[in-house]
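Shown next, in structure tokens, is the structure this report addresses.
The values are calculated or read from the model by the stated rules, or taken from the named source; none is laboratory data. Small disclaimer: the values here were computed from a predicted structure and weren't measured. Glycine also receives a Cβ, built like all others from the backbone with ideal geometry; neighbour counts cover every protein chain displayed.
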Amino acid sequence: MIVIVGLGNPGSEYSHTRHNVGWDIVDVLSQRNHIPLARKKCKSIVGEGMIAGKKVVLAQPQTFMNLSGEAVVQLREWYKPEEGNLLICYDDCDLSEGVLRFREKGSAGTHNGMRNIVALTGTTEIARLRCGIGRPPERWDLKDWVLCGFRTREEREMMFDSYMRAGEAIEAWIAGGPKAALRKVAEANARFAKND
């Protein structure tokens, strides 16, 4: 069993904000692979289905971001993914908008949701796909920045494109492992170099 968790905050006021990038990526995966997110389980909304011939669970924790680890612990205990078969998707303000990064493991960095996951699971051996949301403008508080949406149509279109490409990278990870995911992420990020 493979478990994909997209981090975010529950509630309509947080829908499609920068901090809910992980949720939006899971929504894209749900739609691309016809896996409805319809059941409440493990402090999450979950969908179960198949991607690349493998059993997959898609999850959107219903805890607030800083308590994401509570949902992830329950998802691990219920679905029992084998080592290397859990992936977390979340936002990263240290990456430019739309830029993707995939890692097989590593520290939580400054992301409070990932920090809570590492603290409660007791491991950094968790794959993660991060999507850049950019740094706040001058005089903006970081908290206000991550809880705001993408302001222009161009930004929204670029971010949706990144979610689609993140979905492709996750599908590649499921089908072919980390190297396949890294290739897809490199392809996704190459478009920024072309636009410079």
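Yes or no: LYS184 modelled with pLDDT of 95 or more and either part of a loop (DSSP other than H, G, I, E, B) or farther than 19 Å from ARG18 by Cβ (or both)?
Answer is yes for this residue.
Mind checking which pairs have a first residue in the stretch 175-196 that is closer than 21 Å to LEU86 by Cβ and among the β-branched types (Val, Ile, Thr) and a second that is at pLDDT 95 or above and outside any helix (DSSP H, G or I), Cβ under 6 Å, 6 or more apart or different chains?
Once the first residue is closer than 21 Å to LEU86 by Cβ and among the β-branched types (Val, Ile, Thr) and sits in the stretch 175-196, its partners that are at pLDDT 95 or above and outside any helix (DSSP H, G or I) give VAL185/LEU100; VAL185/PHE102.
Looking at the stretch 25-36, is at least one residue assigned to a strand (DSSP E or B), under 18 Å from ALA181 (Cα atoms) and over 13 Å from the mean Cα position of the chain (by Cα)?
no
Condition test on GLY176, is it surrounded by fewer than 22 Cβ atoms within 10 Å (Cβ to Cβ), modelled with pLDDT of 95 or more and either more than 22 Å from TYR14 (Cβ to Cβ) or not polar (S, T, N, Q) (or both)?
yes
Does PHE64 satisfy being within 22 Å of ARG18 (Cβ to Cβ), buried (at least 21 other Cβ atoms within 10 Å of the Cβ) and not aliphatic (A, V, I, L, M)?
For PHE64, the condition - within 22 Å of ARG18 (Cβ to Cβ), buried (at least 21 other Cβ atoms within 10 Å of the Cβ) and not aliphatic (A, V, I, L, M) - is not met.
Among the residues of the stretch 42-61, are any polar (S, T, N, Q), outside any strand (DSSP E or B), in contact with a helix residue (DSSP H, G or I) (Cβ under 7 Å, 6 or more places away or on another chain) and crowded, with 20+ Cβ neighbours inside 10 Å?
No; the residues of the stretch 42-61 include none that is polar (S, T, N, Q), outside any strand (DSSP E or B), in contact with a helix residue (DSSP H, G or I) (Cβ under 7 Å, 6 or more places away or on another chain) and crowded, with 20+ Cβ neighbours inside 10 Å.
Determine which single condition GLY167 fails, assuming it passes every other condition in (1) crowded, with 22+ Cβ neighbours inside 10 Å; (2) of a type in the set (Gly, Ala, Ser); (3) free of Cβ contacts under 8 Å to residues at least 60 places away in the same chain.
(3)
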